[in-house]
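Participant: Got a structure for you, questions after.
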Amino acid sequence: MPTEGQLATEPRIGALVAGVATSQLGQRVGDIDGDMGIVVVVNAQGVVLGELRGEAIHADPQARVEDVMEPAPITYRPYIAVHDMAHHMAATGSRRVLVTDADGHLLGVLRVEDVERAQRADGAGGPLLADQQTSGEQQRPNEHLEVMKAVGDRTEETKGNIKQGIGKLTGNTDMEAEGRAERDTAKVKREVKGAANQVKAAVEEGLGKLTGDDETRARGIADRIKGDAERAG
C-alpha cells in the first residue's frame, strides 16, 4: 500500500529486521544473552517495555533487568521507507533501532549495515547524508519521521508510566514514586508546549487573514492542530 508522496515499490524497513535477544521482568542480568550488545525487555505478549545496552548488559549479574534497563525505548514502524531511515540513522548516529507494530509488539532490530546494504541494492549511491542543497536534490516530504519526532516528544511521559507500572508490579515503591513524578513532570511540559503552540497558531492564523497570506494562515492552522493534540495528550 503506497504512503503519502512515496512509491509503493520503495523498500521498507520491515523487510530488514533481524532477531534480537529478549528478556522479561524479574530475570537476572546474569541470565540474559547479551552477545548482540542489545537485549529487549518484553512482557508476556511481546510488547516492548525496555532495553539493555552497553554497561547495563554487564551490570551486576544478580541485578534484575528492570533495575538497569532503559524503559520505553524509541521504536519505529515497519512501513518506514529505507531511504528515510538511512538519513535518520546517519543524522542521529544510531547503529541499531527497534522495530515494532502499532501495538508495540517487538518485530526485531534494524541494523545500520543492513540499511546501507539495502540502499546500495536499490541503486542509491553516495553518502547517506548528502548535502541536499549543494547536490540540487529537493527535500522531500518525510511524514513518517515527523510522526516519530512527535512521538519522541512524549517519550519521557511514557517512560514515567512504564517505570511506575513496573514498580507497582515488582513492589518497588521507590521506582513507582519516581515513575509517577517523571510522568507528571513530562505531562506538564507537554501541556505547556501545546499551549505555546496554540498561542503561536492564533497569531499566525490571524495575521494570515489580515494580510491575505494563505501560507501564514495555513501554518497557523497546522500549529493550532499540533497544539490541540499536544494538550489533549
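Bear in mind that the values in this text are calculations on the coordinates, not laboratory data. Just so it is clear, the model here is predicted, and its values are computed rather than measured. Because the Cβ atoms are built from the backbone with ideal geometry, glycine has one as well, and the counts that use them run over all protein chains shown.
Participant: Report the net charge of residues surrounding Val68, where surrounding means a beta-carbon distance below 9 angstrom and charges are Lys +1, Arg +1, Asp -1, Glu -1.
Facilitator: -4
Participant: Treat the count of other C-beta atoms within 10 Å as a stand-in for reagent exposure and order Ser23, Ser94 from fewest to most.
Facilitator: Ser94, Ser23
Participant: List every residue whose amide H lies under 5 Å from the amide H of Val41, counting only residues 5 or more places away in sequence or on a different chain, with H placed 1.01 Å from N in the peptide plane.
Facilitator: Close amide H contacts, sequence-distant or interchain: Ser23, Leu49, Gly50, Glu51, Leu52.
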